[in-house]
1. Roughly how many whole Å is it from the C-alpha centroid of the stretch B:254-299 to that of the stretch A:1-51?
2. What does chain B give for Rg and for Dmax, in Å, if only its C-alpha atoms count?
3. Considering Cα pairs under 8 angstrom that are at least six residues apart, work out the relative contact order of the stretch A:12-80 and quote it in whole percent.
4. Roughly how many Å is it from the Cα centre of the stretch B:68-82 to that of the stretch B:311-343, as a whole number?
5. May I ask you to list the lysines whose Cα is less than 16 Å away from that of residue B:180, ignoring any residue fewer than eight positions away on the same chain?
6. Which listed residue (B:111, B:89, B:128) has the Cα farthest towards the positive end of the charge dipole for the stretch B:3-130, taking +1 on Lys and Arg C-beta and -1 on Asp and Glu C-beta about the Cα centre?
7. Counting only residues 5 or more places away or on other chains, whose amide H sits under 5 Å from the amide H of residue B:314 once H atoms are built in the peptide plane?
8. How well do other chains shield peptide A:25-36, expressed as the mean number of their Cβ atoms within 10 Å of each residue Cβ?
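Readers should treat all values here as calculations from the given coordinates under stated rules, not as data from a laboratory. Not measured: the values here are computed from a predicted model. Virtual Cβ from ideal backbone geometry, glycine too; neighbours counted across all protein chains shown.
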Amino acid sequence: MEALFSILIGLFFAGAIYLILSKSTVRILLGVALLGNAVNLLLFTAGRLTREVPPIIPVGMDVLSPGAANPLPQALILTAIVISFSFFAFLLVLTYRAYQELGTDDTDEMRLAEPRNEQLPPMGY
Amino acid sequence: MATPAVDLSAALILAAPAPADWLVVLPVALMIGLGAVLMMVRKSVRLHGGIAIAGLTLLVLLDAALLWRVSVHGPVTMVMGRWLPPFGIAFTADLFGAVMALAAAIIALAAGIFALADIDASGRRYGFYPFLMLLMAGVSGAFLTGDIFNLYVWFEVLLISSFGLLILGSQPEQIDGALKYAVLNLIGTTLFLIAVGYLYAIFGTLNMADIARKAAGLREAAPLTTLTALFILAFAIKAAAFPVNFWLPASYHTPRVVVSALFGGLLTKVGIYSLIRVTVMLFPVEREALSLIVAISAALTMLVGALGALAQNDIRRLVGYVVIAGIGNMMAGVAIGTPAAVSGAILYALHSVVTMTALYLVAGEAGRLGGTWALSGLGGLYRKAPWFSGASFLLFLAASGLPPLSGLWPKVALLKASLDIGAWWLAAAILLSAFLITLALARVFLLAFWRPRPDPVPEAAAPAGTSVDWRVALPLGCLTALVVLFGLLPEPLLDLAQRAAEGLGEPAAYIQSVFPGGTAR
């Protein structure tokens, strides 16, 4: 199960990096969203994958029954999901505004903050 | 993994913390609380400045008290809900964290006062002061937390507040800069999260003190060097080290000047702080293994920053490159890794927090007085504002690392440390970068301050401002005084940085403060 998930996570990361390397801001945005999900799956898998064993300590025992998944990574994922969701919402609006204001979604054309033929400082005095 | 039977009522809860220990969480609690209060009074924008500055003054006092307590009694720990340490989220302040938090609070106060002049009513209605409070909550939390996942959460808190500050005004070039800043920083924090996930999978704990004491036992069995490399890459993105520094010159000059000043002073330093915390304290052996790569990146960062500063016409972008050059110096301290070098890096971080903020404020005020940001159009500032020019001159000297100002001592410490281990090329890079920065900043002084204002004023020049406001003069004067004071009387801070570096290299006191019983499990 873990091996299968590792391959899946690898595919997620590969797809995310491929999309992030694109010039189009919308693809970069999708890549970032995919990257967040890849990380969530990674954390999830790191916490052990099991079926049908709830992480509850049975009556009369001090520890979890063997094979139960670790609930802490799942709590971490929950935090990470909330955070990445809010960031995604912000980035979505930012990308849209950038398209409105700059009239392009090509990062090569977004040179407003760093103009292409910027003047050099004066050489003389 | 067998856990021995424990008496739950006795074992899982700590004794109530001493009242003075609350100082560890108070800075963060104060900033989050004030951020919420300012949101609630968002309709009465007039109140914002007063409340925020009172709150930031209180923050400075709290951080100073915390630093005093840590300096006298050693590291202070408080665990959320009083849970037994490896399980609860711990806030642990040692000397390094406390002194960084104090420096951050001081420059936030200076920026808060400067913002009274720089941020107009619409900027305040948009939420400048609430964002500033939440940014400081994130920064203070990052400096004071003792839990590595919690550190990630504070990174996100300060990141989302920095987005808000960065696009304050919604001008097209701000949106352009913000897009690059947002995407690259988000990727950086995501890498950090990946590293934290692997770390938990290896260690089964997120508490830094617990990690520090378990690392020795796991070194043979687990790929800790890979893990450390991942952390280094994530923090290098946050700190804007070469070759992952390109988001900084693309974005730091776009927001309001006071926002640039806050970012230049704080955000990259949070990256450096985390780099030092993780590599020096948690994984010293792995840091040693990767030190050559870090050293090369440090040397290139210094040179890229210095050469970039030489090539800029816009003074705000020039200061951005000076920030990058400083990051290279601190990375050099991490790469060398001896206590002397780490204390040099800590000193440099403190110097850089104050000086870079002040430099951005100088750039902003020069731009306002001269009506343009371009060196080709600036001139005659010395005649217009002699006191402001004097303070700027001192800050330029400090940023270049010339005596008798604050930039000198950390550079001397780093040079000595790199020569001690025979890394002459690293020392040469430090000297060359300082020399080039001196040239770049001296040229700013020559062109913008000394020469008469060029007659046919180039296009895009706004109407030039008049005299310097007290809301500008006060923070700038205080920051300059700090820089001069540390330059003339370096002993106390040198001593403090030395002790902070020793505390990182030998974290016994830090671990002791989290696990007072010594061997909890």
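1. One Cα centre to the other: 27 Å.
2. 22.4, 84
3. Value for the stretch A:12-80: 26 percent.
4. Between the Cα centres of the stretch B:68-82 and the stretch B:311-343 lies a distance of 31 Å.
5. Residue B:180 reaches A:23, B:238.
6. Farthest along the dipole direction, towards plus: B:128.
7. Long-range HN contacts for residue B:314: B:375.
8. Average neighbour count from other chains, rounded to a whole number: 2.
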